[in-house]
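Contents: one structure, followed by commentary.
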Amino acid sequence: MDKPVIALTFDDGPNTTITVQILDILEKHDAVATFFVKGCNITPETTKVMQRAVALGCEIANHTENHPNLTHLGIDDVKKEVASATKKIFEAIGQKPKIFRSPYIAENDEIYAAVPLTFIDGYHVADYDSNNDVAFRVDRALSQAHDGAVLIMHDFEGNHQTVEALEIIIHALKEQEYGFVTAGELIDLKKPESLKFINNLHLW
C-alpha cells in the first residue's frame, strides 16, 4: 500500500449503543477498526454487533474477561482472564483473536510469557476522561497520526463524545489520504522486527 495507513482501535466494548454508532460511522466511510472486547460484555445481543463488525472487515481482539490490572493477579488468573475472553470471542464470531491489549497497559515479562497473543499498545486519545471534550479528542488523535500508528479510543457505554470526534477524525485522515487497516493488517504490512509489541508507547 503506497499511501499511509493507520489502525483505529476501540477498547472496552462491545455494547449495543456506542459500538453500533461507531460501526455506522466506519461503514459510512468504508473504514475498518479493531475492537478490543471484554469477555464480560459479550451477550447474545452484543454477539450480533461483533458479527456485524467482522462482516464490515473489522477485527475483534482480546481485552480480558473482566478488565483487571493483570500485574495484580497471579499468572494462573492472568491466563484465565485471557482464555475466558478468547473462548467467548470464538463462540461469538468463529475466530480466535490474535491480538491482545492489557487493561491499563499493565504488563510485565511474566505476563508476556503467559499470554500467547501479540500485545499491542498505541497512541492514546485519552477519551476515557469525560473532561476531554470532542475538540481535545480530535486534536489528540490527529496530532499523533502518522503512517503505521495505532490510535487507542474507547467504545464503552455513554462515550458519545468519541462517536462525535470519530466522524471528524476519519474525515480529516481521509483528506490526508490515509488508508484504514486493522491491527492485524498493520502488523502484516509493516512487518515489525518483534511481533510482540506494536507502537509500544505509554502515552497517557
Residues being surrounded by 14 or more Cβ atoms within 10 Å (Cβ to Cβ) and without any contact (Cβ under 8 Å) to a residue 12 or more places away in the chain: count how many of those fall in segment 130-150. 2
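In segment 151-175, which residue that is among the acidic types (Asp, Glu) and open to solvent by 60 Å² or more (accessible area, probe 1.4 Å) is farthest from Lys38 (Cα to Cα)?
Only one residue fits best here, namely Glu175.
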Please go through segment 99-134 and pick out each residue that is closer than 11 Å to Asp11 by Cβ and outside any loop (DSSP other than H, G, I, E, B). Pro103, Tyr104, Ile105, Gly122, His124
Before we move on, is Ala33 over 22 Å from Asp127 (Cα atoms) and touching a strand residue (DSSP E or B) at 6+ places or on another chain (Cβ under 6 Å)? no
Collect the residues in segment 6-29 that are open to solvent by 20 Å² or more (accessible area, probe 1.4 Å) and touching a residue at least 24 places away in the same chain (Cβ under 8 Å), keeping them in residue-number order. Asp12, Thr16, Thr17, Val20, Gln21, Glu27, His29
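Conditions (1) touching a helix residue (DSSP H, G or I) at 6+ places or on another chain (Cβ under 6 Å); (2) among the β-branched types (Val, Ile, Thr); (3) free of Cβ contacts under 8 Å to residues at least 12 places away in the same chain, marked per residue:
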{"position": "Asp2", "(1), (2), (3)": "no, no, yes"}
{"position": "Phe36", "(1), (2), (3)": "no, no, no"}
{"position": "Asn66", "(1), (2), (3)": "yes, no, no"}
{"position": "Leu73", "(1), (2), (3)": "no, no, yes"}
For Leu56, the lone unmet condition from (1) of a type in the set (A, V, I, L, M, F, W, C); (2) open to solvent by less than 20 Å² (accessible area, probe 1.4 Å); (3) modelled with pLDDT of 95 or more; (4) closer than 30 Å to Ile168 by Cα is (2)
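Each row is one residue, and each column tells you yes or no for (1) among the aliphatic types (A, V, I, L, M); (2) touching a helix residue (DSSP H, G or I) at 6+ places or on another chain (Cβ under 9 Å).
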| site | (1), (2) |
| --- | --- |
| Pro116 | no, yes |
| Ile120 | yes, yes |
| Val125 | yes, yes |
| Asn131 | no, no |
| Ala141 | yes, yes |
| Gln144 | no, no |
| Met153 | yes, yes |
| Gly158 | no, yes |
Taking the stated definitions as given, is Ala85 modelled with pLDDT of 95 or more and under 15 Å from the mean Cα position of the chain (by Cα)? yes
Which residue is surrounded by the fewest Cβ atoms within 10 Å (Cβ to Cβ), if the candidates are limited to segment 69-96 and must be among the aliphatic types (A, V, I, L, M), out of contact with any strand residue (DSSP E or B) (no Cβ under 7 Å at 6 or more places or on another chain) and in a helix (DSSP H, G or I)? Ile75
What are the pairs with Cβ atoms under 7 angstrom where one residue, in segment 100-118, is at positive phi and the other, located anywhere, is exposed (fewer than 14 other Cβ atoms within 10 Å of the Cβ)? Sequence gap at least six, or different chains. Tyr104/Asn69; Ile105/His202
Looking only at segment 143-194, which residues are part of a loop (DSSP other than H, G, I, E, B), touching a strand residue (DSSP E or B) at 6+ places or on another chain (Cβ under 9 Å) and at negative phi? Ala145, His146, Asp147, Asp155, Phe156, Asn159, Tyr178, Val181, Thr182
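The values are calculated or read from the model by the stated rules, or taken from the named source; none is laboratory data. Remember, predicted model here, so these are calculated numbers, not experimental data. In this analysis, Cβ positions are derived from the backbone assuming ideal geometry, glycine residues included, and neighbour counts consider all displayed protein chains. When the accessible area is computed, the model is the full protein with side chains, heavy atoms only, and any ligands, DNA or RNA have been set aside. Shrake-Rupley method; radii C 1.70, N 1.55, O 1.52, S 1.80 Å.
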